[in-house]
Structure formats: C-alpha cells, structure tokens
Amino acid sequence: MENILESAQEIMSSLDNELTRTATKNTATFISDKIKQLKGGKDKDAIIRGYEELINNLLEDKSELERIARSYKELYEGVEISSENLEYLQNTIRSAIQILGGLGVQSPQNDIAIESLVQLISLDTLKTMQLLGFNYKQAIGEPLTELCAEKIRSFGNVNSKAQQGNRKR
C-alpha cells in the first residue's frame, strides 16, 4: 500500500509542477505585451501569424489544464466514494464483518469488536471521515482482505489437521 501512496504522491507532485508551469507560461502580462507588440507591427501577415500563434498557444495551454484537471479528478475519485456507494459499502461490510465474525470463536469481546466495527462504518461516520481524507481502501479494505484470507487459510489448516488425525487412526 505504501507503494500506491508514494505513487499517488509522485503523480500529485508531477501534476502540481505541470499546473504551475502551464499556468505561468502565458500570464496576462505576457499576453498583453504580445498583443501590444503585434499591434505595433507593420507587416499584416506577420501580425496574423503572431495572433494565430498566440491563440494556438492559449488553446494548447487550455487543453493541458483540462488534462491536468482530469488527472486531479481521477486521483480524487480514487479516494472519494459517492453517497450511494457509501450506503452500499456500509450494508455490504456490515454483512461481511458479521459473517467473518461468526466464523471465529464466539465471545463477548468478539461481539463487541464486531459491533464497534459496524458502528465505525455508519453512513454519517463514513461521510465525515471521507471529508477528512480517510482512505477506506487502506483502513478498511486491506484489513478486511487480510481477515478474509486468514479465515480461508484457517479452513485449510482445520482440514489438514482433520486429515492427519484420520491417518493416525
């Protein structure tokens, strides 16, 4: 997960640099000076070429800024989850936690832990945490994946122990 975070930070840093470079490339002062320079020219064809070049540069900058904005949006959407998806997530995770909790040893502590996790994923909590920059994939998704994998592995251990016990007889 650290590699993903580092990669996202590198992408963000690169986008920041591109945004700064593009935004400062054709400042209002530069454009104003260029227009004044073109207006003072005598050669009609040179003036037209100058305006065309200026317009083309501005259109290129606009395209570049739109690309950067899309990239920022993609990064944001990788972290942001819609309200509908939050509701779905809440219901699904609640069921998954209860199923996985039921596969283990039943104890009051286990029941309290399960209920705490379910409360943690309430819709209001999820929305608030998202606004604070909470990373669901890292905080909930990865541990849930690990827990599920551990439970599945434990089934294999139980089966292999049962087979060993049958062989000893």
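Read-outs: derived from the displayed coordinates by stated rules, not from any lab. These figures come from a predicted structure and were not determined experimentally. In this analysis, Cβ positions are derived from the backbone assuming ideal geometry, glycine residues included, and neighbour counts consider all displayed protein chains.
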Inset, instruction - Could you calculate the FRET efficiency of Asn110 with Gln9 from 1/(1 + (r/R0)^6), where r is the beta carbon distance between them and R0 is 45 Å, rounded to 0.05? - result: 0.75
Inset, instruction - Run down the aspartates and glutamates and flag those whose C-alpha is under 18 Å from the C-alpha of Lys62, throwing out any fewer than 8 positions away in its chain. - result: Asp16, Glu18, Glu52, Glu53
Inset, instruction - Pop the C-beta distance of Ile47 and Lys25 into the FRET formula with R0 = 35 Å and round what comes out to the nearest 0.05. - result: 0.95
Legend entry - Length gained when the stretch Lys73-Leu120 is fully extended (0.36 nm per residue, less Cα-Cα span): 14.2 nm
Inset, instruction - Calculate the spin-label point distance for Asn85 paired with Asn157, positioning each point 7 Å from the Cα along the beta-carbon direction, and give it in nanometres. - result: 3.5
Inset, instruction - Mind giving me the FRET efficiency for Glu64 and Gln130? R0 is 45 Å, r the Cβ-Cβ distance, nearest 0.05 is fine. - result: 0.90
Inset, instruction - Under 29 Å Cα to Cα from Lys137, which lysines show up? Leave out anything in the same chain fewer than 8 places away. - result: Lys73, Lys127, Lys151
